[in-house]
1. Go through the range 11-45 and give me each residue that's of a type in the set (Gly, Ala, Ser), surrounded by fewer than 18 Cβ atoms within 10 Å (Cβ to Cβ) and closer than 15 Å to Ile95 by Cβ.
2. Which members of the range 1-19 meet the condition of being farther than 20 Å from Ser177 by Cα and in contact (Cβ under 8 Å) with a residue 40 or more places away in the chain?
3. Which residue out of Leu83, Leu48, Leu61, Leu78 is in a helix (DSSP H, G or I) and surrounded by 16 or more Cβ atoms within 10 Å (Cβ to Cβ)?
4. State the number of residues belonging to the range 170-206 that are under 22 Å from the mean Cα position of the chain (by Cα) and in contact (Cβ under 8 Å) with a residue 12 or more places away in the chain.
5. Looking at the range 58-81 only, could you name the residues that are under 18 Å from Gly160 (Cα atoms), in contact (Cβ under 8 Å) with a residue 12 or more places away in the chain and in contact with a Leu (Cβ under 9 Å, 6 or more places away or on another chain)?
6. Specify which of the listed residues (Leu195, Leu204, Leu124) is out of contact with any Ser or Thr (no Cβ under 9 Å at 6 or more places or on another chain), at pLDDT 90 or above and over 17 Å from Leu102 (Cβ atoms).
7. Take residues that are among the hydroxyl-bearing types (Ser, Thr, Tyr) and over 18 Å from the mean Cα position of the chain (by Cα) and tell me which of the helices (runs of 4 or more DSSP H) falling wholly in the range 86-169 contain 1 or more.
8. Checking Ala166 against (1) buried (at least 23 other Cβ atoms within 10 Å of the Cβ); (2) farther than 20 Å from Val199 by Cα, which single condition isn't satisfied?
Amino acid sequence: MDYSPLVLSLEVAFTATAISLAFALLLAWALSFLDFRGKEILDAAITLPLVLPPTVLGYYLLIVIGRESWVGQFWESLTGSPLVFTPKAAVIAAIVHSAPLLTKYLRAAIESVDPIYVKSARSLGLPEWTIYIRVVLPLCQRAIAAAAVLAFARSLGDFGVTIMIAGNIPGKTQTLSVAIYDAVESGNSSLALWLVLMVSGIGLLVVWLANRMNPPQAQRS
């Protein structure tokens, strides 16, 4: 049994979740606290990856970070290796797959905070960013933790975008979902079943943790 797809998937999911959480916290703050021109367009752009087919997202990413793009060429001149078909590309795919949903969850959690706390902090003359960090985030930290756990699961299970920009290189870019596809295609049903059970077990654990972190309102009262 080769555990490299599991190890790579966990590494990719942890890295992508950390980066996605940072971006999502910033975007959720901007969408919840700021009024600016183009706010609706930004919100639509964040939602777009949730409705587009993964192959379309993968194609867009190939254009943006491929070897012919200025981003890809800059990266290759800096590191000496291409960005696509590497573990870093798998991280980018997981971020694109998980960050939009995480942003939506965080915005909903932030906007569910009782406005009286925000108004009280503003009456004390606190800046908006300080209110966000010291007042709002602590009040919805359980919801943020639950959203991060679900984003981890979403990052762990990405297939379409990953195979488009990271490929299927055993021991290098082959994640769990890609390994399942590869096992089915090669007729190795026992390996496919084992990998499917592994992913299902991790998913079940993640959902249980998310529910524990953010229990339903009825359970809280």
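The values are calculated or read from the model by the stated rules, or taken from the named source; none is laboratory data. Since the structure is predicted, the reported quantities are computational estimates derived from the model, not experimental observations. Backbone-built Cβ (ideal geometry, glycine too); neighbour counts: all protein chains shown.
1. Result: Ala18, Ala22, Ala45.
2. Result: Ile19, single match.
3. That would be Leu61, the only listed residue that is in a helix (DSSP H, G or I) and surrounded by 16 or more Cβ atoms within 10 Å (Cβ to Cβ).
4. Result for the range 170-206: 17.
5. Of everything in the range 58-81, those that are under 18 Å from Gly160 (Cα atoms), in contact (Cβ under 8 Å) with a residue 12 or more places away in the chain and in contact with a Leu (Cβ under 9 Å, 6 or more places away or on another chain) turn out to be Ile65, Gly66.
6. Criteria check complete, one pass: Leu204.
7. 115-123, 128-131
8. (2)
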